[in-house]
Amino acid sequence: MGGRTAGADTAPGAVHRGGARPAGYGLIRLGRTRFLLHRRAALVAVALAATLVAASVAYLCFGESFVPPAEVVKVVLGQPSPNELVVGTLRLPRLAVGLLVGAAFGIAGALIQTVARNPLASPDIIGISQGASAVTVGALTFGVTSYTALPYLSVAGGILAAALVYVFAWRGGLHATRFVLIGIGFAIALRSITTLFMTKGDYLVAQQAQIWMTGSLNGRGWDEAAPLGWTLAVLVPGVLWAARAMRNVSLDDDTAIALGVRLGRVRLGLVLLGVVLASVATGAAGPVDFVALLAPQIARRMTRTAQIPLLGSALTGAVIVVLADLLARRLLAPTELPVGVLTAAVGAPYLIWLLVRSRTGAGATAGAGRSGRTGRSGRTAGGKA
């Protein structure tokens, strides 16, 4: 009661009038503007960035032929090197796609999990990735194979799937459990539609779609990296707005409404931004499963913040995709596995653990409630006796 004010950790951007600041935060001044920065989150972000740089250098070093790190740095910095073809032409564009896809999935998962207040609510669980996949595979089936058009079709499919889930889950408000359950139902239905498209298409198209459905960076280059990079650059202002808006959504509904927050509009904006990010990433590399599920929760546990950190989620997602694709290229070399196989191998056990944990927590809460009712009835009976 006498310690920390409730909800202090969920509003790191606010500076209190009396000068007090929440525990764990430091004050940063940029001109006349003052910001509160969570110290542990900042340290974690720096550590993740360093890990990502090391993973990226290793990604460019290892392949059918090993390139020394010094040569890799030369190529990245634009200096002349005999390894320009291997590093700059073959490996660097694929790495760029992996970095952008991982960051996009990480941010998308953080936004949607925050709105739904449920760690299971990620784009690949509630049908958004499946909607993007269904439209993309349908386009491939009917002869649309241009990689410049497919990302836009993926965005349209993801937005349509999210709109359907949102409409069916809305009952005078957005209930988290209903949102997740209806999303899972739509994911199953959309996956069936995708399979139908694959059976109706040409054999070679179906084979290409099957590899894409697994989530793969094989053959990806600047043609996929460029539109994805431009899209993320355009969405940077929206992401900065989301980082601030997430604090209001994380508050209790009554508190947020009392502060003048229009929860319906804010939640819709966060979901729409997450859907666009997840759909664009899906269009570039396919539905790389469980990245959007894992990255936000890993980042939150490392930073120990009440709110999911967007920067930490983006960096964690990029690290996951880069390391998974590096292992996918080297585990069964010269055969290259789709990156989605590695992420699914890690993500599926984590999903099972989440389900078991949530069920155990619900059972413990119900048991405590029953015990409390029994105790109260026993005391009442004793008092009457």
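All of the numbers you see were taken from the coordinates with simple rules; none came from a lab. What you see is a predicted model; the values in this text were computed from it and never measured. Methodologically, a virtual Cβ is constructed for each residue, glycine included, from the backbone with ideal geometry; neighbour enumeration extends over all protein chains shown.
Please give, to one decimal in nm, the separation of the simple spin-label points placed at ARG40 and LEU332, each 7 Å out from Cα toward the Cβ.
Here the modelled spin labels are 4.0 nm apart.
Run the quick spin-label model on ASP202 and ILE352: label points 7 Å from Cα toward the beta carbon, then report their separation in nm to one decimal.
Here the modelled spin labels are 4.1 nm apart.
Using the number of other C-beta atoms within 10 angstrom as an exposure proxy, rank TYR59, TYR152 with the fewest first.
Fewest-to-most ranking of TYR59, TYR152: TYR152, TYR59.
Could you give the size of the charge dipole of the stretch 49-161 about its Cα centre, using +1 on the Cβ of each K and R and -1 on the Cβ of each D and E, expressed in debye and rounded to the nearest 20?
For this selection, approximately 180 debye.
Computed FRET efficiency, Cβ-Cβ of TYR152 and ARG244, R0 35 Å: what is it to the nearest 0.05?
Efficiency computed from Cβ-Cβ geometry: 0.80.
So how do 45-55, 240-250, 154-164, 210-220 stack up, highest first, on mean other-Cβ count within 10 Å?
Ranked from most to least packed, the peptides come out as 154-164, 210-220, 240-250, 45-55.
To the nearest Å, what is the center-to-center distance of the stretch 221-293 and the stretch 331-347, using C-alpha atoms only?
So the two Cα centres are separated by 27 Å.
Taking only C-alpha pairs under 8 Å that are 6+ residues apart, what is the relative contact order of the stretch 96-359 in percent?
Here the relative contact order equals 35 percent.
Assign unit charges at the C-beta atoms only (+1 for Lys and Arg, -1 for Asp and Glu), then state the dipole size of the stretch 88-225 relative to its Cα centre in Debye, rounded to the nearest 20.
For this selection, approximately 280 debye.
About its Cα centre, what dipole magnitude does the stretch 96-359 give when the only charges are +1 on Lys and Arg Cβ and -1 on Asp and Glu Cβ, stated in debye to the nearest 20?
720
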